[in-house]
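To start, the structure under review is shown below, and the notes come after it.
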Protein chains: 4
Amino acid sequence: MQFLSDNAAAVHPAVWDAMRHADHADMPYDGDRLSQSLDEAFSALFGRPCTALWVASGTAANCLALAALVPPHGGVICHRQAHIEHHEGGAPGFFTHGAKLILGDGEGARLTPAEITRIAAAIGNDVHEVQPQAVSITQTSELGCTYQPSEIAAISDTVNGLGLALHIDGARFANAVAFLGCDPWLACQGAATLSFGCIKNGAMSAEALVLFDQELADLVRHRRKRAGHLQSKGRYLAAQIHAMLKDDLWLANARAANGAAQELAGAAGERLLHPVEANEVFLRAQPADRAALRAEGFGFYDWGADGARLVTAWNSDPGHVAALAAAIRRL
Amino acid sequence: MQFLSDNAAAVHPAVWDAMRHADHADMPYDGDRLSQSLDEAFSALFGRPCTALWVASGTAANCLALAALVPPHGGVICHRQAHIEHHEGGAPGFFTHGAKLILGDGEGARLTPAEITRIAAAIGNDVHEVQPQAVSITQTSELGCTYQPSEIAAISDTVNGLGLALHIDGARFANAVAFLGCDPWLACQGAATLSFGCIKNGAMSAEALVLFDQELADLVRHRRKRAGHLQSKGRYLAAQIHAMLKDDLWLANARAANGAAQELAGAAGERLLHPVEANEVFLRAQPADRAALRAEGFGFYDWGADGARLVTAWNSDPGHVAALAAAIRRL
Amino acid sequence: MQFLSDNAAAVHPAVWDAMRHADHADMPYDGDRLSQSLDEAFSALFGRPCTALWVASGTAANCLALAALVPPHGGVICHRQAHIEHHEGGAPGFFTHGAKLILGDGEGARLTPAEITRIAAAIGNDVHEVQPQAVSITQTSELGCTYQPSEIAAISDTVNGLGLALHIDGARFANAVAFLGCDPWLACQGAATLSFGCIKNGAMSAEALVLFDQELADLVRHRRKRAGHLQSKGRYLAAQIHAMLKDDLWLANARAANGAAQELAGAAGERLLHPVEANEVFLRAQPADRAALRAEGFGFYDWGADGARLVTAWNSDPGHVAALAAAIRRL
Amino acid sequence: MQFLSDNAAAVHPAVWDAMRHADHADMPYDGDRLSQSLDEAFSALFGRPCTALWVASGTAANCLALAALVPPHGGVICHRQAHIEHHEGGAPGFFTHGAKLILGDGEGARLTPAEITRIAAAIGNDVHEVQPQAVSITQTSELGCTYQPSEIAAISDTVNGLGLALHIDGARFANAVAFLGCDPWLACQGAATLSFGCIKNGAMSAEALVLFDQELADLVRHRRKRAGHLQSKGRYLAAQIHAMLKDDLWLANARAANGAAQELAGAAGERLLHPVEANEVFLRAQPADRAALRAEGFGFYDWGADGARLVTAWNSDPGHVAALAAAIRRL
């Protein structure tokens, strides 16, 4: 009964089907029909012109985006708990050729306009200090919290007002949109680039890097190749993404995962460390509590000394979820 | 009737099956059972201790290998027509942080011990000139030629005698071994690293980066993550590679592709620009010749002003091959 | 009456003389007699085998050192207020090809063994988190505080015990040794590399990068060239450094600067923000206080909203110092 | 009697004087009066708006320029014998973060419009091949040959017509202008950036990086700092450059060096390997010839198996030059 992560869940049957249908020969790299129609699919989804490129990991999507937004001598403002800062093995430094992550704080691993403004104001405008040229936020955040559309709008205004560009790490963007129930664009409005996550949500090996600032497209295409991320049989990646978008599978899957998390949240009650707004549940759990849960067969990660992180997925077993909820109540 | 490339061919049924069987949950990244058993599989194949890591492209395999062998201020001796020099969009410069490719010549896109020695000797041993620290050769070469085991041995001796390390780009290593009919190790003996190609040979999205110098393993693992190439559902890549190795599917597929190429070579006769030792056929073909072939429905790339490149694959349709052979004879 | 910084002070007459004496032709780059004898000079100074290379800035010295100690995917633990983090325009990211600075805290901009241990322990030993491979401290620190020999020894033990390497940014190392009155080695014992500052202390354009770990020498020589820092008339830089070492000019100059700072410190009394252990004085000074000092003709930088930073130099005019001390007392 | 190189010659007295006059305190880095007036000085020299920045080596000047003109995934077309390709220890790869040098041929180490066009045309316009974004030529070339103003104009037209940017490595630009006797702009017209060499021509440690495309200025300023090349006492570098420009010292010095070379060229006659158009003389010289010259006390470098390179400087001793000319005649 695994609640370790959503990042190793099985592949959704519709994704498998789409991959199998891509088996006929077509042009290599991204010259195939499926890859070539991604722009159109995302332009329809977001209601504005987009360029969309498949890549094989969220790290690649995020870091190609950052490298398109900042020069090697520039900086990216992000939250201290951002995935790009903590869990990408230094990939931002690699893809950007050494640009600097400039760290801020904020509840629920979310930045605020005030925090962004404060950070930018503290940096002397000279060559001795690294100048920020972009801001990166995560929607859903690393602590399972979402930015409301109004918060996204306010951040965009702030970021753009400072002359910076906004990147959104959307490894769990689907969970955010499912939670917010809003038009997808409202959950990322004003961003220059969005890493549109699929892998945690039922795909196998494809994320979509969506460029709202289409002037970046040529550069990102070159950088994707240069990073070894232009797979020759790209049609199998494009097929996964199309399958996720078709009939809003991405939202259905996210709703399933979010629903399971809400069930756990209801059981956790006062134990919750953060509001549960997606598919991650952080709860206060002493070592003895954790041992008790594990003794019942539940898998999850510790969260600091006195906490636990539980992650649901598109295919979390309802019986397992109910059992875990009951076990939490018994603590 | 496509002979453009082997890099967009369909996925072999046994590979599909293996991927489907990997669908049950397991540890993320490369912590799963399948990824963890790659070392063993390749150690058995090559008869010596190996570390083997999946990556999603030949470019990534080659460039992670080079980055492990040379420091940013170092150099890699390779053939002027090497894939790493010509068709990887500058990826070697990216992964190695600016190391230099030092170009040599040789028939059939193959380097010789003498050429390697000549190049190394011409470089002054000072800080003004970039010092080579590795040699990269391609087995099968970019012109469809193979190195004989004795040639590989001689190159290894030379390279190691110079204090350098040998990398082998084996995007079509299977075709070389199938052609040579030798023990796999003899086709790459003395190499520190081998990019063991699967994608052109029936897999979907997985190459194996094989490290014979196992001291490189820790470094390559970190670099793979840092390059965004540590996929979270890595078991689907490992499954592909295991499927290729099982019952020597890799050799069977390569033999099929090589056989088709031999059929074309037999038809080409005097038109051949290079000996056909794998699955690529380069033939003299005037624009009118090429137009004639294309008029019959054959797809292929021009090769310079007066040539054509024909590439067969594991699943080349025997009828198409026979038809092309006949068409070539009619030229 | 400038107390802005020591980084633009005049060149000491003995340094001028040494440069003039270097005017005769000699070998280019670092092949000249003066450059070639730097190793010997520093080996004598520190009582152990050293390699010493001139470079033209403290930034270059620090960053070449870090690049020798950590790979591109590695990290460097340093204080949040370290010069390498704040005022080198991202140079560490450039020279190391994207390695990460991992920030810690500590009074007086000094790290402690406990803090280093805490930081290292918090980093998971996997490929997802950047692994530290070096620690960098600044002696004298950016807040004008020195590490006692016992503190340096304890840090070295900790750093080496963790399997890391120690770099010391010694832009004001002379001021530290002058303050401590100890054998120079005791002020940097256990370090692998030391940026031995000369420019702030009476030289024009030469710092010495001292390598106690001599296995780094070959690598640093290549990297210095590759960074455009191997000047062709290097003898003029070597001459500056030799002049600083001769008859302990480096200590005499530092003592002069430290003495001036002590005079100011005595006047500042309760206003001091940090103990004055070198040539920098940080004092509480409201905007009105600062305006009053500036009205009397004193130049200095603000330090936050309510502070001032006063820096003395080897050639601070005693009259100016006395006048400033009197002015501070009048506040 | 040294003819090894001009790169280690003594510093001109006027340069010494200017440096001494810079000894009074001024703002650090490039905030001083002398640094701030470089733009004006070069704008006057070239008759158009320029930004001019001091750096400490020709390598730094060239590579900062290239990094401003090409992105990390781009390429620079240059001659196979260019200094940036051969003798900068991989610095272009470092500063540009891995951009590729794309090599061409041409007599006297000079590129032609036809060669540039040929190279550009051979590169497929896709992400698999590195796309050139700049061309770099050397005026005076590495073989002591100059481009005529009409040749520079033709190259500029070609380069700009291809949508590329032109960089000129002018380590010996003074020698070219002195030889051509033309307006300085005509010797570099159409370039975006020029490395204006001073060090080989009587300065100590300062080259001027001249940006005709002033939109590059902000970027280059950040990159100079990030490369550790923003010296804190920059006024001593600016002073050197001003001294070189004052009363056309740069041309007088170059004429002296060129004149000495002409004297040697006259003696060499049929032995000349290249026309002598600056201060370098390449002559056919068998090992026995070279031994004979060295036996008489002349220092110089071999040039291949059967050649010698003789370089004169601004301060070549007329007696030594005459003696060498006589010795050459006696061979």
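The values are calculated or read from the model by the stated rules, or taken from the named source; none is laboratory data. Everything numeric in this text was worked out from a predicted model, so none of it was measured. Don't worry about glycine lacking a Cβ; one is built from the backbone with ideal geometry, like all the others, and counts go over all protein chains shown. In case anyone asks, the SASA skips ligands and DNA or RNA and just uses the protein heavy atoms, side chains included. Shrake-Rupley method; radii C 1.70, N 1.55, O 1.52, S 1.80 Å.
Evaluated with a Cβ-only charge set (Lys, Arg +1; Asp, Glu -1), the range D:250-330 carries a dipole of roughly 80 debye about its Cα centre, given to the nearest 20.
Amide H to amide H, with H built 1.01 Å from N, C:VAL135 comes under 5 Å of C:ILE77, C:ALA165, C:LEU166, C:HIS167, counting only residues 5 or more places away or on other chains.
With a simple spin-label model that places each label point 7 Å from the Cα along the Cα-to-Cβ direction, the separation between D:LYS246 and C:ASP157 comes to 5.9 nm. By DSSP, the beta bridges lying fully in the range C:88-215 are antiparallel in about 30 percent of cases. Residues of the range B:69-89 with accessible area at least 30 Å² lower in the all-protein-chain context than alone (1.4 Å probe)? Buried by 30 Å² or more upon assembly, which counts only protein chains, are B:PRO72, B:HIS73, B:GLU85, B:HIS86, B:HIS87, B:GLY89.
With contacts taken as Cα pairs under 8 Å at a separation of at least 6 residues, the range C:1-133 carries a relative contact order of 18 percent. The dipole here belongs to the protein assembly as shown: it is taken about the Cα centre, uses +1 on the Cβ of Lys and Arg and -1 on the Cβ of Asp and Glu, and is about 0 debye.
Here the range A:199-331 is described by how far its Cα atoms reach on the three principal axes: 55, 33, 26 Å, from widest to narrowest. In order along the range B:303-313, phi translates into HN-Hα couplings of 10, x, 6, 10, x, 9, 10, 10, 10, 9, 9 Hz, rounded to whole numbers, per the Karplus curve 6.51 cos²θ - 1.76 cosθ + 1.60 with θ = phi - 60° and x for Gly and Pro. Alpha carbon centre of the range C:51-84 versus the range D:151-195: separation in Å? One Cα centre to the other: 37 Å. Counting Cβ atoms of other protein chains within 10 Å of each Cβ in D:95-105 and taking the mean gives 5. Look at the alpha carbon pairs under 8 Å that are at least 6 residues apart: their mean separation over the length of the range A:218-331 gives a relative contact order of 28 percent.
In a simple Cβ point-charge model (Lys, Arg +1; Asp, Glu -1; nothing else charged), the range B:1-111 has a dipole of about 320 debye relative to its Cα centre. Taking amide H as placed 1.01 Å from N in the peptide plane, the amide H of A:GLN2 sits under 5 Å from that of A:GLY299, each at least 5 places away or on another chain.
Chain A's nearest residue to the axis relating it to B, judged by Cβ and reported with the distance in whole Å, is A:ALA56, 2.
Among the residues of C:130-142, the average count of other protein chain beta-carbon atoms within 10 Å of the residue beta-carbon is 1. Think of a 1.4 Å ball rolled over the protein heavy atoms: the range A:250-330 then has 41 Å² of accessible area per residue.
Counting only DSSP beta bridges whose two residues both lie in the range B:12-249, roughly 30 percent are antiparallel. Computed over neighbours whose Cβ is under 10 Å from that of C:ASN62, the net charge equals -3, Lys and Arg +1, Asp and Glu -1. Shown is the FRET efficiency for B:ALA44 and D:GLU107, computed with R0 = 56 Å from the Cβ-Cβ distance and rounded to the nearest 0.05: 0.45. In the elastic network of chain A, a GNM with C-alpha springs shorter than 10 Å, the most mobile of A:ALA121, A:ALA308, A:ALA52 is A:ALA121.
Please report how many Lys pairs in chain A have alpha carbons closer than 25 angstrom, counting only residues at least 8 apart along the chain or sitting on separate chains. Here the count comes out as 6. If you take the Cα centroid of the range C:213-277 and the Cα centroid of the range A:119-148, the two points sit 35 Å apart. Summed over both chains, the area buried between B and D is near 1100 Å², taken from the accessible surface of protein heavy atoms with a 1.4 Å probe. Here the calculated FRET efficiency for D:CYS182 and D:ALA122, from their Cβ-Cβ distance with R0 = 35 Å, stands at 0.60, rounded to the nearest 0.05. Tally Lys/Arg at +1 and Asp/Glu at -1 over every other residue whose Cβ is under 10 Å from the Cβ of B:PHE3; what's the total? That sum, taken over residues with Cβ under 10 Å, equals -1.
When the surface is traced with a 1.4 Å probe over the full set of protein chains, A:ASP6 keeps roughly 0 Å² accessible. Near D:GLY108, once Lys and Arg are set to +1 and Asp and Glu to -1 for all other residues with Cβ below 15 Å from its Cβ, the sum equals -4. Each copy carries a label point for D:ALA44 at 7 Å from Cα toward Cβ; from one copy, the others' points are 4.7, 6.7, 8.1 nm away, ordered from shortest. For Cα pairs less than 8 Å apart in space and 6+ apart in sequence, what is the mean separation divided by the residue count of chain B, i.e. the relative contact order in percent? Computed value for chain B: 24 percent relative contact order.
Taking the protein heavy atoms of the protein assembly as shown in the context of the full set of protein chains, the accessible area attributed to carbon and sulfur is 52 percent at 1.4 Å.
Using a 7 Å projection from Cα along Cα-to-Cβ, the label point at B:ALA326 is separated from the same position in the remaining copies by 7.1, 8.8, 11.1 nm, smallest value first. Calculated mean residue ellipticity at 222 nm for chain B: -12000 deg cm²/dmol, from DSSP H runs with n ≥ 4 weighted as -39500 (n - 2.57), summed, divided by the residue count and rounded to 500.
Taken residue by residue and averaged, Cβ atoms of other chains lying within 10 Å of the Cβ of C:44-57 number 2.
So in the protein assembly as shown, what percent of DSSP beta bridges are antiparallel if you round to the nearest 5? Taking every DSSP beta bridge with both residues in the protein assembly as shown, the antiparallel ones total about 45 percent. Taking the label point 7 Å along Cα→Cβ, B:LEU186 and its counterparts in the other copies are spaced 6.9, 7.0, 7.0 nm apart, in ascending order.
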